[in-house]
């Protein structure tokens, strides 16, 4: 007698279900692949290519047409001139050509070699164009009264141009210069360090503030919902709005409200440049130390803007903890702080560590906040801001992509750590 | 009245509250009235400390409403005496605003002492009871500080947008609003933004992009989430785990390749380009949030539908979707918020004024040629719609935020 076994092949119903599932997932997969995963791979490609911002405008055949002299009377013989130019300074164009439709009433004379005509359409083969090359093609034409009456110029109908040029993005020319340049750059290690400071302290700040806020709103009282909504404002409002509000608030020049307040209160004699000053020197016990002013302000902004999120999660977790444990602790005579340390915090460790890891990665990825607050000046340039600076301020796309590769590599390390130590799903 | 450790606590708490309320009320007085005041912090702390001790006496001798009346009244009088009738460092001749501020200060100090010390007599108590007292103080301070820190930037934003550059430079603390100038003059910045700076176009563009992003995202994510949550197929486990990974890819890494490709494809300076990028970044989030919700729905309902002859698509349309309206609402709101607030791609991609979204438009105001009240008015215009929507649907958005998202 044979023991019954579960079926090893998939039944038709199961296959149909699987097909339907794939069908439903294909659109998502396609768009995510083309906009997220594709560019991610393309970024590696660009990082090993000598590509500048200007290379994005591909070499094109420029054609400028005119009649000289301008015809004034019926039957006048004039010259139709095409000025041909290669728009690129560096790249040649192969098999260049153009076609152009002339206005009615122009009769074409003898065509130069390479050019042909069909009705009112002129088409010319130009061969290969060197970088920056320019030359003219001239064709004799006779203007008729019909042309003069119509008032249409040849250039009103632009010539269509063709030709293929080497695009540095698709060529097989590689270089490691981008990486050597960024690793040997004077700023790189500073940038990496600033990035880590910003990420660690920004994340911790947001978590601690969130924990505090959650403690405040964990008890029921009138107006709690209003306060909860209010506490979420920094996160919900657009980053441009709040960032510029902070910039104006902390302005060190005349018109800066916060500095005016501090001076009025007698807390400081001269305005503090919160966002523009790299470091404030001070000494403790004879040690000369520096306080990183701008970086601290940027971290404070980060904590301010993202505490609502950790606050929401922690509050949700705290409200799901039953009251029995606290009642038991009360009977045992535990004081409120003891209850917080021994009951609340251990209950929150799960959500706190998940929040820490996710926020850590997101803070590391953050670009907008620092870019809008300081533009990366005064010792606040993080890796993400450096990507922008290299690629678009210095116009070296390759170097920017190389920094982006570094960002991604660091992130991958975080992600591995995250998956290794990821606690059971607690959110 | 007996003296003890709680008496000492009362003195400290009183001094802290006196200082805090003097700073808060003094600054508010400055901002609202435009007066230049010199808040006497030391005297306020002394007032608070004295009242902190007296509070225990008041609790002992008086009952009910009399407690608060006496606390508030004495606080006010004491401050007036200690500051030689200049409660905010300004002679009493500046009557109106200072009078109001003085009453508010006394009220706040009295109330916080009542709420903070009530039920104690001043003598030493057990550690348990003492910690309760400390927690009251910390919570009270927490409420005040958090509220101020959250509100201050928004307050400055709104008030700056209603002022003009000259008066702001002359006195950056004066946020008083001159209501007699009429609405047209008061809202001049807003009117100019809409008439001269194309903010009408920006607003339309932002609304268009955000709403379309929501629609596209849901159209992609609903079937995807359903498949991941309900259907069995090879790679299901891998997929539901890797969705969140996509969510960790930083936008800045995508910007350079997308910029290069979109430039050459002619998609860069267009809203279409944004409508390709935004859904791609929001679909994984939406899918993750929705599949969590779909899993929580009882599958018996859907099986009943299948038994009764509905197709899978019919089940989704007639059973699953109507049941998940709250989840759809929260996902839609969350996606709308992301699209509306998005800055990086709008900033990198859009060059032409007619294409600008609000984020991009406000950045273009950040130049020395544009007065700062215009910049702040632009910030208010960008903030109000999304905040209004958030307050309107707060319940949904809060559940959406906690459901699947730690993104920012």
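The values are calculated or read from the model by the stated rules, or taken from the named source; none is laboratory data. Not measured: the values here are computed from a predicted model. Ideal geometry is used to build each Cβ from the backbone, glycine not excepted, and the neighbour counts take in all protein chains shown.
Considered as a group, the residues in the range A:11-28 that are surrounded by fewer than 16 Cβ atoms within 10 Å (Cβ to Cβ) and under 19 Å from residue B:284 (Cα atoms) include one that is nearest to the other protein chains (Cβ to nearest Cβ), and that residue is A:22. Output yes when any residue across the range B:106-120 is more than 28 Å from the chain's Cα centre (by Cα), within 14 Å of chain A (Cβ to nearest Cβ) and crowded, with 17+ Cβ neighbours inside 10 Å, and no when none is. No, that holds for no residue. Criterion applied to B:212, B:203, B:208, B:218 was being more than 8 Å from chain A (Cβ to nearest Cβ), modelled with pLDDT of 90 or more and farther than 23 Å from residue B:349 by Cβ, and the one residue passing it is B:218. Checked against (1) within 13 Å of another protein chain (Cβ to nearest Cβ); (2) touching a helix residue (DSSP H, G or I) at 6+ places or on another chain (Cβ under 9 Å); (3) closer than 20 Å to residue A:28 by Cα, residue B:238 meets all criteria but (2). Taking the conditions (1) within 18 Å of residue B:32 (Cα to Cα); (2) crowded, with 19+ Cβ neighbours inside 10 Å; (3) in contact (Cβ under 8 Å) with a residue 12 or more places away in the chain in turn, residue B:158 satisfies each one other than (2).
Yes or no, residue by residue, for (1) assigned to a loop (DSSP other than H, G, I, E, B); (2) surrounded by fewer than 17 Cβ atoms within 10 Å (Cβ to Cβ):
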position	(1), (2)
A:201	no, no
A:226	no, yes
A:232	no, no
A:242	no, no
A:254	yes, yes
A:272	yes, no
A:278	yes, yes
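List the helices (runs of 4 or more DSSP H) inside the range A:328-397, counting only whole elements, that have at least 1 residues being closer than 22 Å to residue A:206 by Cβ.
Answer list for the range A:328-397: A:345-365, A:368-373, A:383-388.
Restricting attention to the range A:97-105, does a residue exist that is closer than 30 Å to residue A:149 by Cβ, surrounded by fewer than 14 Cβ atoms within 10 Å (Cβ to Cβ) and either more than 14 Å from chain B (Cβ to nearest Cβ) or touching a helix residue (DSSP H, G or I) at 6+ places or on another chain (Cβ under 7 Å) (or both)?
yes
In the set A:316, A:329, A:334, only one residue is surrounded by fewer than 20 Cβ atoms within 10 Å (Cβ to Cβ), facing chain B (nearest Cβ under 10 Å) and farther than 30 Å from residue A:240 by Cα; that residue is A:334.
Condition check: surrounded by 23 or more Cβ atoms within 10 Å (Cβ to Cβ) and in the same structural domain as residue B:357 (by TED's automatic domain parsing). Does residue B:278 satisfy that? Against the criterion (surrounded by 23 or more Cβ atoms within 10 Å (Cβ to Cβ) and in the same structural domain as residue B:357 (by TED's automatic domain parsing)), residue B:278 qualifies.
The condition (being surrounded by 12 or more Cβ atoms within 10 Å (Cβ to Cβ), farther than 30 Å from residue A:361 by Cβ and in the same structural domain as residue B:336 (by TED's automatic domain parsing)) is satisfied by just one residue among B:203, B:245: B:203. For the range A:369-383, the tally of residues that are over 12 Å from residue A:188 (Cα atoms) and at the interface with chain B (Cβ under 9 Å from one of its Cβ atoms) stands at 2. When each of B:235, B:224 is tested for being within 18 Å of residue B:287 (Cα to Cα) and buried (at least 24 other Cβ atoms within 10 Å of the Cβ), the lone residue that passes is B:224.
Just one residue in the set B:14, B:26 is surrounded by 15 or more Cβ atoms within 10 Å (Cβ to Cβ), in a helix (DSSP H, G or I), within 14 Å of chain A (Cβ to nearest Cβ) and touching a residue at least 40 places away in the same chain (Cβ under 8 Å); that residue is B:26. With respect to being under 36 Å from the mean Cα position of the chain (by Cα) and away from chain B (no Cβ under 13 Å), residue A:276 fits the description. May I ask you to verify whether residue B:185 is assigned to a helix (DSSP H, G or I) and surrounded by fewer than 18 Cβ atoms within 10 Å (Cβ to Cβ)? Yes; evaluated as a whole, the condition is true for this residue.
Can you say whether residue A:129 is touching a helix residue (DSSP H, G or I) at 6+ places or on another chain (Cβ under 9 Å) and surrounded by 20 or more Cβ atoms within 10 Å (Cβ to Cβ), as far as the supplied structure shows? No; evaluated as a whole, the condition is false for this residue.
Annotation note: of A:392, A:360, the sole residue that is surrounded by fewer than 18 Cβ atoms within 10 Å (Cβ to Cβ), in contact (Cβ under 8 Å) with a residue 24 or more places away in the chain, within 12 Å of chain B (Cβ to nearest Cβ) and under 22 Å from residue A:36 (Cβ atoms) is A:392. Scanning the range A:122-129 finds one or more residues that are in contact (Cβ under 8 Å) with a residue 12 or more places away in the chain and closer than 17 Å to residue A:78 by Cα. So, residue A:70, is that one away from every other protein chain (no Cβ under 14 Å), in a strand (DSSP E or B), touching a strand residue (DSSP E or B) at 6+ places or on another chain (Cβ under 8 Å) and surrounded by fewer than 17 Cβ atoms within 10 Å (Cβ to Cβ) or not? Criteria not met by residue A:70.
Report whether or not residue A:417 is in the same structural domain as residue A:279 (by TED's automatic domain parsing), at pLDDT below 85 and over 30 Å from residue B:260 (Cα atoms). It is true that residue A:417 is in the same structural domain as residue A:279 (by TED's automatic domain parsing), at pLDDT below 85 and over 30 Å from residue B:260 (Cα atoms).
Would you confirm whether or not the range B:267-286 contains a residue that is part of a helix (DSSP H, G or I) and over 30 Å from residue A:397 (Cα atoms)? Yes, the range B:267-286 contains at least one residue that is part of a helix (DSSP H, G or I) and over 30 Å from residue A:397 (Cα atoms). Checking every residue in the range A:74-81 against the condition of being assigned to a loop (DSSP other than H, G, I, E, B) and within 14 Å of chain B (Cβ to nearest Cβ) gives zero matches. Taken as a whole, the condition of being in contact (Cβ under 8 Å) with a residue 12 or more places away in the chain and in a loop (DSSP other than H, G, I, E, B) applies to residue A:169. Here residue B:37 fits the description: outside any helix (DSSP H, G or I) and in contact (Cβ under 8 Å) with a residue 24 or more places away in the chain. Candidates are the residues of the range A:254-273 that are more than 8 Å from chain B (Cβ to nearest Cβ) and under 32 Å from the mean Cα position of the chain (by Cα); the one that is farthest from residue B:34 (Cα to Cα) is A:273.
For the subset of the range B:222-235 comprising residues that are at the interface with chain A (Cβ under 7 Å from one of its Cβ atoms) and part of a helix (DSSP H, G or I), which member is nearest to residue A:28 (Cα to Cα)? Only one residue fits best here, namely B:224. Just one residue in the set B:325, B:317, B:310 is more than 12 Å from chain A (Cβ to nearest Cβ), without any contact (Cβ under 8 Å) to a residue 12 or more places away in the chain and closer than 24 Å to residue A:31 by Cα; that residue is B:317.
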